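What follows draws every value from the coordinates through simple rules; no lab data is involved. None of the values given here were measured: they were computed from a predicted structure. FYI the Cβ positions are ideal-geometry reconstructions off the backbone, even for glycines, and counts take in every protein chain you see.
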Amino acid sequence: MQETFICTLLVEDNLGDTHLLRQMLADSPLGKAVLTCTERLQSAIDLCKQQPFEVILLDLSLPDSQGYATFERMRQHAPQIPIILLTGSDDQELALRAVRAGAQDYLIKGEINAHLLIRAMRYAMERKRTEEALREHHLRYQALFENDNIGVFIVSVEGSLLNLNQQAAVMLGSMVDQLIG
């Protein structure tokens with residue numbers, strides 16, 4: 001397998017954890033990470049403005065931010081970069097909340113090994129690429145649908161109108177939102 005390098009931002013204030021994660025990433029046969037480390041959330045936000053990262057490994061307990069708010073702020077400032085949460089807490093509610101809000105993974109520090117970490121990073125990057133491709137396809141579809149000079153109707157099997165473009169509404173002599181359903 002060809003060795004790959006993943007440009008990674010590690011946001012971790014515990015030097016022992018930083019060293020351990022650095023060693024895991026250096027020893028992995030799946031790929032290597034070019035690691036930039038910082039101990040504070042604000043420094044991480046500033047770094048994301050200065051250079052591109054392919055993935056962020058984010059501790060949820062930092063000197064300048066704690067808990068879910070840490071993830072929210074990082075995601076707000078770097079929405080295009082996949083974020084993997086690293087925590088010492090096995091809080092399933094928090095994990096589900098974060099994943100539903102866009103975190104790519106929620107890893108518990110005591111349970112991580114090199115293989116799991118690199119795999120989570122690679123999968124996170126691939127999911128983010130897939131999300132971007134879907135978003136682009138949706139925007140193209142939407143533009144074609146809305147700007148077509150031909151009336152387009154999308155009808156359910158039961159016969160209810162699920163969607164239609166403006167030209168179709170004109171053909172029916174009504175407004176789009178009045179016709180759907």
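Scan region 1-110 for GluC sites (Glu not before Pro) in coil per DSSP, keeping those whose Cβ has at most 16 other Cβ atoms within 10 Å, and list them by number.
On the way: sites: E3, E12, E39, E54, E72, E93; in loops: E3, E12, E39, E54.
Listed in order of number, the matching sites are E3.
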Once the piece of chain linking R40 and D91 is laid out straight, how much longer is it, given 0.36 nm per residue of separation minus the C-alpha distance between them? 16.1 nm
With r as the distance between the Cβ atoms of N163 and K49 and R0 = 35 Å, compute the FRET efficiency 1/(1 + (r/R0)^6) and round to 0.05. 0.35
Cut-off 13 Å, label point 7 angstrom out along Cα-to-Cβ of K109: give me the residues of region 71-89 whose amide nitrogen falls inside. 86-89
With each pseudo-label sitting 7 Å past Cα toward Cβ, what's the L144-Q66 distance in nm, one decimal? 5.2 nm
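Which shape class, rounded, prolate or oblate, goes with region 1-105 when its Cα gyration tensor gives a ≥ b ≥ c as root eigenvalues, a/c under 1.5 marks rounded, and past that a/b bigger than b/c marks prolate? Walk me through the numbers on the way to the answer.
Numbers: a/c = 1.45, a/b = 1.36, b/c = 1.06.
Rounded shape, in that the Cα axes give a/c under 1.5.
Report the FRET efficiency, 1/(1 + (r/R0)^6), for T130 and A101, where r is their Cβ-Cβ distance and R0 is 22 Å, rounded to 0.05. Write down the numbers at each step before the final one.
Details: r = 18 Å, r/R0 = 0.81.
Given R0 = 22 Å and the Cβ-Cβ separation, E is 0.80.
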Note to self, the chain gives a 222 nm [θ] from helices alone (DSSP H runs n ≥ 4, -39500 (n - 2.57) apiece, / all residues, nearest 500) of -15000 deg cm²/dmol
By the Cα gyration tensor axes a ≥ b ≥ c (a/c under 1.5 gives rounded; else a/b larger than b/c gives prolate, otherwise oblate), the shape of the chain is prolate
Give the cross-link partners of K32 among the aspartates and glutamates, using a straight C-alpha distance below 17 Å as the criterion and excluding same-chain residues fewer than 8 apart. E3, E54, E126
